[in-house]
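Working notes, structure below.
Every read-out reported here was derived from the displayed coordinates using simple, explicitly stated rules and does not represent laboratory data. All values reported here derive from a predicted model rather than from experimental measurement. FYI the Cβ positions are ideal-geometry reconstructions off the backbone, even for glycines, and counts take in every protein chain you see.
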Amino acid sequence: MDGMLIAIIIGIVVLIGIVVFVLSGKDKDKGKEETKAEPPVEEKKENLTHKRFKQVLSGSDLQNDMKAEEEELLTKYTAGTGEGINEVEKLLEGDPNNVDLLDWLAFMYYSNNNIDKAIETYKRALAIKPDNENQHYYLANSYFKKSMMAEAKKEWNEVIRLKPNSKIAKNAQERIDYLSTQGK
């Protein structure tokens with residue numbers, strides 16, 4: 001038993017030594033690359049934000065691409081705080097027809113109770129890609145929040161027309177039925 005325990009301890013020590021050796025080699029290589037001047041913090045944050053949105057849109061694996069604290073900075077979004085809106089607006093300045101960014105921005109406006117801007121932004125996205133049932137659905141929800149029931153029904157009906165057998169179409173129909181029971 002003592003021999004087995006000693007073998008396990010030696011194995012662990014060797015494994016730790018290998019990990020330390022590998023990590024120290026990466027740090028040396030990293031130091032060589034970092035001899036360039038660091039960009040200002042705001043520029044670095046903007047670059048990370050742009051990189052994060054590209055990763056979201058492409059579906060790439062963040063674990064391989066970013067450090068944990070960078071991921072937390074860029075993916076952290078709390079409804080009602082308004083955080084992130086300025087960053088997405090800046091990204092859209094460079095790519096004003098990016099439907100995915102428009103959709104994200106509209107959602108951010110909606111969740112921050114800026115319904116007029118949400119409606120405007122969903123409309124912009126739908127002008128570019130009119131067959132997006134999700135954007136029609138959330139545009140309808142935005143209209144509903146503004147008590148614009150006819151517009152909301154029209155958009156929910158468009159969801160049903162686009163994807164009649166989908167879960168989102170079922171949700172849209174339930175909302176239309178609810179309005180009907182309310183006499184609206």
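Results, tabulated for the structure shown:
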| read-out | value |
| --- | --- |
| Helices (runs of 4 or more DSSP H) enclosed by the range 117-184 - at least 2 residues per element that are acidic (Asp, Glu) | 149-162, 167-181 |
| Residue that is nearest to the chain's Cα centre (by Cα) [pool: residues in the range 134-167 that are among the aliphatic types (A, V, I, L, M) and within 15 Å of Phe107 (Cβ to Cβ)] | Leu139 |
| Pair list, Cβ < 7 Å and 6+ apart or interchain, from the range 113-126 residues that are at negative phi to residues that are buried (at least 16 other Cβ atoms within 10 Å of the Cβ) and small (Gly, Ala, Ser) | Ile115/Ser142; Ala118/Ala106; Ala118/Ser142; Ile119/Ser142; Thr121/Ala106; Tyr122/Ala106; Tyr122/Ser142; Ala125/Ala106 |
